[in-house]
Amino acid sequence: HPAEADGWLRFLVSKRGRVVAEIPATVHSVKNLTLCTVIGDDEGHTISTVEHLLAALRGMGVDNCYIEIDSKEVPIMDGSSAEFVDAIDVAGLMELSESRNYLKVLKPICVQDGDCLGEFSPNASGFSLDIEIDFECQAIGRQRYVCDLSPRVFRTELSRARTFGFMRDVEKLWQARLALGANLNNTVAIGDDDRVLNEGGLRYEDEFVRHKMLDAGGDLALAGLPILGTYRSVRGGHRLNATVLKALLADESAWEIAHGPRVHTVPAATSRSLAPVSAGSRP
């Protein structure tokens with residue numbers, strides 16, 4: 001549903017046609033970060049797998065929106081954000097008369113956990129992502145992708161990248177009665193022989209790192225405002241994304257609220273998939 005200026009992104013939990021809870025899409029609402037991002041309130045209402053929908057909203061420039069849901073999980077669709085982008089296109093966007101507020105990064109904030117690293121740095125001209133992953137699996141290897149995020153880039157470069165997993169892990173989850181909806185229609189599955197099992201293969205040669213970037217965009221939407229800054233992640237995931245965002249918000253000298261034009265304008269967007277860092281890994 002449309003929301004007024006400064007309404008931000010909020011989930012309305014509905015039961016039998018009646019809204020019983022309102023959960024703001026902020027990092028302070030995060031309840032769990034295992035496998036997906038789960039937000040909730042103090043009354044026990046939770047919504048899981050919010051990252052793909054939030055990535056689509058933020059990626060397409062939606063600042064204010066009420067999201068009504070009558071389930072504990074956002075539909076997985078095809079494992080990407082593509083169908084949410086299509087729905088946004090059908091609904092259309094309305095420009096509000098109020099100026100847009102941004103969370104402007106003023107100084108670097110870095111969190112390191114073993115060989116995993118997440119970092120915010122200043123970028124007054126827009127929002128950039130620099131994501132690197134590294135898997136021993138031959139089908140993935142070491143991949144890095146960098147982009148200045150805009151609706152065009154999100155639509156063409158990121159929105160169709162699907163979530164992925166290893167069959168050995170999925171089978172364990174199924175035995176534990178978890179991830180029961182995971183299948184080859186909504187997940188890129190990698191077999192024990194390091195081979196992609198989906199008919200038709202990958203949508204992008206580097207679909208894995210692009211999906212990690214999509215996830216990061218959704219997780220960072222939990223800042224509550226569009227970000228002016230650059231986010232870099234190495235071997236990260238939902239937990240690292242949330243941890244770095246919390247570290248940024250906890251340091252009041254590291255950010256400020258900046259006011260911008262009604263229409264988000266950024267330099268001509270660029271994106272690129274970088275060559276593997278180490279020899280022998282696959283792009």
Practice problem: Sort out for me the Cα centre separation of segment 22-88 from segment 134-157, rounded to whole Å. | Solution: 21 Å
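Equivalent ellipsoid semi-axes for segment 1-53, as square roots of 5 times the alpha carbon gyration tensor eigenvalues: give them largest first, rounded to whole Å. Working shown, then result.
Values: eigenvalues 66, 43, 22 Å².
Semi-axes (√(5λ), whole Å): 18, 15, 10.
Report the extension gain between Met167 and Lys107 in nm, rounded to one decimal, defined as 0.36 nm multiplied by the number of residues separating them, less their alpha carbon distance. It would help to have the intermediate numbers written out before the result.
Numbers: separation 60, 0.36 × 60 = 21.60 nm, distance 4.12 nm.
Gain on stretching Met167 to Lys107: 17.5 nm.
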Practice problem: Note down the magnitude of the dipole of segment 107-158 about its Cα centre, charges +1 on Lys and Arg C-beta and -1 on Asp and Glu C-beta and zero elsewhere, to the nearest 20 debye. | Solution: 320 debye
Quiz item: Taking the Cα centre of segment 142-234 as origin and charging only Cβ (+1 Lys, Arg; -1 Asp, Glu), how large is the dipole, in debye to the nearest 20?
Solution: 220 debye
Quiz item: Check Leu106: other-chain or 5+ apart residues with amide H under 5 Å from its amide H, H built from backbone geometry?
Solution: Trp255, Glu256
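Take every Cα-Cα pair in segment 1-156 and report what % of them are more than 28 Å apart. List each step's numbers first, then the result.
Working: 3424 of 12090 pairs.
Considering segment 1-156, 28 percent of its Cα-Cα pairs are separated by more than 28 Å.
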Quiz item: Considering only protein heavy atoms and a 1.4 Å probe, what is the carbon-and-sulfur percentage of the accessible area of the chain?
Solution: 50 percent
Quiz item: For segment 74-127, what size does the Cα cloud have along each of its three principal axes, sorted from largest down, in whole Å?
Solution: 42, 35, 17
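For the chain, how many pairs of lysine residues have a Cα-Cα distance under 17 Å, where the two are 8 or more positions apart or belong to different chains?
Working: Lys15/Lys72; Lys31/Lys72; Lys31/Lys246; Lys104/Lys246; Lys107/Lys246.
The result is 5.
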Quiz item: About the Cα centre of segment 25-172, what is the dipole size in debye to 20, counting +1 per Lys and Arg Cβ and -1 per Asp and Glu Cβ, all else neutral?
Solution: 380 debye
Exercise. Using only the Cα atoms of segment 82-231, each taken as one equal point scatterer with no solvent, compute I(q) by the Debye sum, divide by I(0), and report log10 of the ratio at q = 0.13, 0.15, 0.17, 0.21 Å⁻¹.
Key: -0.74, -0.94, -1.13, -1.40
Quiz item: So what does the Cα-only Debye profile of the chain read at q = 0.10 Å⁻¹, as log10 I(q)/I(0), no solvent term?
Solution: -0.51
Quiz item: Heavy-atom accessible area per residue, the chain, 1.4 Å probe: how many Å²?
Solution: 49 Å²
Exercise. Mind checking which of Ser14, Ile133, Ser81 is farthest towards the positive end of the chain's charge dipole, using Cβ charges of +1 (Lys, Arg) and -1 (Asp, Glu) about the Cα centre?
Key: Ile133
Quiz prompt | For segment 61-78, 3J(HN,Hα) per residue [Karplus equation, 6.51 cos²θ - 1.76 cosθ + 1.60, θ = phi - 60°, Hz, x = Gly/Pro] | solution = x, 8, 9, 10, 6, 9, 10, 8, 9, 10, 9, 8, 9, 5, x, 6, 6, 9
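The values are calculated or read from the model by the stated rules, or taken from the named source; none is laboratory data. All values reported here derive from a predicted model rather than from experimental measurement. Here the Cβ is made from the backbone with ideal geometry for all residues, glycine too, and neighbour counts use every protein chain on show. Remember, those area values only see protein heavy atoms, side chains included, never the ligands or the DNA or RNA. Shrake-Rupley method; radii C 1.70, N 1.55, O 1.52, S 1.80 Å.
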